[in-house]
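Reviewing the structure listed below.
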Amino acid sequence: MSNQKSFTFSNESFYRDFETMGPEYGSILTKGVKIDMMAMPDTAHILADRFVKFLKEIRNFNMDYSVETLFIVDALFEGFVTQKNDVDENAVLIYTAGCYVGEVIQKQLKGKWIDPSKEKWPQRIRTLSVMLLPNNDYIDPIAKSFRRSYYGKKESIIDWYNEKAHNIGLLN
């Protein structure tokens, strides 16, 4: 089911480079990324743009909201697992990366962020950042990003994206 294209990017070199830059780039990769809002239909793109700007500044990556850039997101998250980085310390970066994943889904799969506080759901669910896909499936790219950061490859972002694309009929 995977739609992987050739992509030259090394998970290991990404983190080795951070280690040589000094302690301010060690496990706390969130330096320079701010979060002062929750991801909602009118704010998720702002948080995603902060993630894009951060990766441009620290690694000169051009994150253009294409499916191919999800390989970079997956590599970033794999670094958290392999380097045993504390997910809590990196929560802001993971959150904004989740917004980026959601924005890719919005642009590529025609998903849309919804405001769960306006849904008739249990109170505890109304605070989540949720997207609705064209096949009426609800997904949470931010929660998926945290799972990927913690559990590793079995929670691959690109595989998850491909599964969602397949479910709505965009991949065979």
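The values are calculated or read from the model by the stated rules, or taken from the named source; none is laboratory data. Note that the structure is predicted; figures quoted are calculated from it, not measured. Cβ atoms come from the backbone with ideal geometry, glycine included; neighbour counts cover every protein chain shown.
Just one of the listed residues (Thr8, Thr82, Thr96) is at pLDDT below 95, under 17 Å from the mean Cα position of the chain (by Cα) and of a type in the set (Val, Ile, Thr), namely Thr96.
Could you please let me know if Leu171 is free of Cβ contacts under 8 Å to residues at least 40 places away in the same chain and over 13 Å from the mean Cα position of the chain (by Cα)? Before you say what the answer is, go through the steps one by one.
Working: free of Cβ contacts under 8 Å to residues at least 40 places away in the same chain: no; over 13 Å from the mean Cα position of the chain (by Cα): yes.
Criteria not met by Leu171.
Counting the residues of the stretch 23-70 that are among the acidic types (Asp, Glu), at pLDDT below 95 and either in contact with a strand residue (DSSP E or B) (Cβ under 8 Å, 6 or more places away or on another chain) or in a loop (DSSP other than H, G, I, E, B) (or both) gives 2.
Determine whether the stretch 113-134 contains at least one residue that is more than 23 Å from Asp49 (Cα to Cα) and at pLDDT 90 or above. The answer is yes; a qualifying residue exists.
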